Amino acid sequence: MDKFWIITCFTAVVLVSSCAQPSPTSNLVQPQKWWSVHPRPVYAALEHVGTFQNWFEVYKITEGTYALYEPYQFEEAICYLVEGQNRAALIDTGTGIGDLKKLVQKLTDLPVFVILTHEHYDHVADAYQFDEIIMYDNDLAVETLKKGRSNASLQRYIAKDYLWNKPLPQGFDPDAWTIPPMEPTDLVRENDIIDLGGRRLEVIYTPGHSPGQMCLLDRQNRLLFTGDHFFPGPLYAHASDVNIDDYIASNKKLCQRINEFDYLCSGHNDPYVKSEVLLRVSEAFDTIFAGGGQFAQDSTGLRRYKFDGFDILIRADMIR
Ligand SMILES: [Zn+2]
């Protein structure tokens, strides 16, 4: 998730957040006080496992489910360690600023493999540290992973106002920060089951936020790992790699299965969100496309609609 501040035509400064590569429609300026929402209330109700490398805060969601949270960089990326009896899945791999493998080795003795919910930088950065990388079978997503990211393209994500409260962790060299080109070792498709031994993750393809975006359903624990299909923040429905029709259809698909999960483990900000919010996301899209809703619009036609528990960013010319 990239967070952008857009100057609206009303001269107000509005926080805009995305989970995509920068698009020509985004006006990136310095983030201002993104940390003012801290401490996020949800974390007080979760079991704090510890602070690691002075960078990650780890919280226990359920037995064998850990949220690995990066609160000090504006993405507030969250990845998840999900333990079965035989192996553990690492769902997403954060920004690459901390040493994720070192952290994971402190949390579990099981062999760990990576599942990427989608191909954006703040989800794939440390995947290269692991031997096994699974992602959805989508050519565009695989191509993005294969490209990697240069140091120059990442530098702005650690500019002064993008960081908060703590220095970058020891061992992280900002001038050497890259995301190496990677190849998935396995591709999955709709309804595939990833078996951890006594615990299964079911693939639900939810394109829209990005071409390769998928969710993972843990039926036993009634958890849905959403990647960036949903997180409690401004949902990025306007970026160049967004397909708005797919996004809306994916959300409807999840709503049809909402009796299978109680909580969403999202890719940013908050790791434990009541699943009913997905019903409100569908209603929100209906409202927007019916011409309703409260929004601010900037000079490029980018609108930010405000809803209960999330916002939606969308371009005026996408609403038809
Ligand atoms: Zn993201």
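The values are calculated or read from the model by the stated rules, or taken from the named source; none is laboratory data. Bear in mind that the values here come from a model prediction, so they are computed numbers and not experimental data. No Cβ is skipped: glycine too gets one built from the backbone with ideal geometry, and neighbour counts run over all protein chains shown. Heavy atoms of the whole protein, side chains included, go into the accessibility calculation; ligands, DNA and RNA do not. Shrake-Rupley method; radii C 1.70, N 1.55, O 1.52, S 1.80 Å.
Which value in Å does the Kirkwood hydrodynamic radius of the chain take, with 1/r averaged over all unlike C-alpha pairs and then inverted?
Values: mean 1/r = 0.0512 Å⁻¹.
In the chain this quantity evaluates to 19.5 Å.
Note on the chain: GNM, Cα springs under 10 Å; of Glu190, Glu57, Glu119, the largest mean-square fluctuation is that of Glu190. Among the helices of the chain, those built from whole DSSP H runs whose Cα atoms reach 15 Å or more along their own axis and whose mean Kyte-Doolittle hydropathy is at least 0.0 are 277-289. Using a ≥ b ≥ c from the Cα gyration tensor of region 201-304 (square roots of the eigenvalues), is it rounded, prolate or oblate, where a/c under 1.5 gives rounded and otherwise the larger of a/b and b/c decides, a/b for prolate? It is prolate, given that a/c is not under 1.5 and a/b is the larger ratio. Highest GNM mean-square fluctuation, the chain, Cα pairs closer than 10 Å: which of Pro234, Pro181, Pro167? Ranking Pro234, Pro181, Pro167 by mean-square fluctuation puts Pro167 first. Extending 7 Å from Cα along the Cβ direction at Glu260 and again at Lys147 yields two label points whose distance is 3.2 nm.
Residues whose amide H lies under 5 Å from that of Val188, counting only those 5 or more places away or on a different chain, are Met135, Tyr136, Asp137; hydrogens are built 1.01 Å from N in the peptide plane.
Peptides 109-117, 257-265 ordered by packing proxy, namely the average of other Cβ atoms within 10 Å per residue, highest first: 109-117, 257-265. The residue list Pro180, Gln170, Val142 was ranked by how far each Cα lies along the charge dipole of region 126-284 toward its positive end, using unit charges on Cβ atoms, and Gln170 comes out on top.
How far, in nm, would the chain grow between Asp139 and Gln105 when pulled straight, counting 0.36 nm per residue and subtracting the alpha carbon separation? Please list the in-between numbers first.
Working: separation 34, 0.36 × 34 = 12.24 nm, distance 3.15 nm.
Taking 0.36 nm per residue and subtracting the Cα distance, the gain is 9.1 nm.
Taking only the C-alpha atoms of region 82-200, the Rg (one decimal) and the largest Cα-Cα distance, Dmax (whole number), read 15.2, 45 Å. Under the simplified labelling scheme, the Asn165-Asp317 pair shows an inter-label distance of 4.0 nm, with each label point 7 Å from Cα along Cα→Cβ. Summarising the amide proton neighbourhood of Phe74: residues at separation of 5 or more, or on other chains, whose placed amide H is nearer than 5 Å comprise an empty set.
Please work out the ratio of the alpha-carbon Rg of region 45-116 to 2.2 N^0.38 Å and round it to two decimals.
1.01
Taken per residue, the accessible surface of region 198-320 reaches 35 Å², heavy atoms only and a 1.4 Å probe. Annotation: per residue accessible area for region 60-110 equals 29 Å², rounded to a whole number [probe 1.4 Å, protein chains only]. Normalising by residue count, region 78-134 has a Cα convex hull of 71 Å³ per residue. A straight Cα-to-Cα reach below 17 Å connects Lys102 with the aspartates and glutamates Glu57, Glu70, Glu83, Asp92, Asp126, Asp131, Glu132, Asp173, residues fewer than 8 places away in its own chain not being considered.
Prolate is the label for region 259-320. Its Cα gyration tensor axes, ordered a ≥ b ≥ c, give a/c of at least 1.5 and a/b above b/c.
Once backbone amide H atoms are built at 1.01 Å from N, Gly301 has no partners under 5 Å, excluding neighbours fewer than 5 places away on the same chain. Going out from 0 in 10 Å bins, what whole percent of all Cα-Cα distances in region 134-280 drops into each bin? Per 10 Å bin, starting at zero, the Cα-Cα P(r) for region 134-280 comes out as 10, 33, 34, 21, 2 percent. Simple spin-label estimate for Arg280 and Ser240 gives 3.3 nm between the two label positions (7 Å along the Cα-to-Cβ direction from each Cα). When a 1.4 Å probe is rolled over the protein heavy atoms, the share of accessible surface on region 276-320 that falls to carbon and sulfur comes to 48 percent. A Cβ-based charge dipole, computed about the Cα centre of region 152-253 with Lys and Arg at +1 and Asp and Glu at -1, lands at about 440 debye.
Using the Karplus relation 6.51 cos²θ - 1.76 cosθ + 1.60 with θ = phi - 60°, the per-residue 3J(HN,Hα) values for region 212-223 come to x, 5, 9, 10, 10, 9, 9, 4, 4, 9, 6, 10 Hz, with x marking Gly and Pro.
Peptides 78-84, 224-230, ordered by how many other C-beta atoms sit within 10 Å of their residues on average, highest first, read 224-230, 78-84. Under 13 Å of direct C-alpha separation, and excluding same-chain neighbours fewer than eight residues apart, Lys253 reaches these aspartates and glutamates: Glu190, Asp245.
Given a cut-off of under 8 Å on Cα pairs at least six residues apart, what relative contact order in percent is computed for the chain? Please report the intermediate quantities before stating the final value.
Working: 732 pairs, mean separation 52.8, N = 320.
Relative contact order, the chain: 17 percent.
Roll a 1.4 angstrom probe over the protein heavy atoms and tell me the percent of accessible area of region 126-256 that is carbon or sulfur. Don't jump to the answer; show the numbers that get you there.
On the way: 2560 of 5500 Å².
Here it works out to 47 percent.
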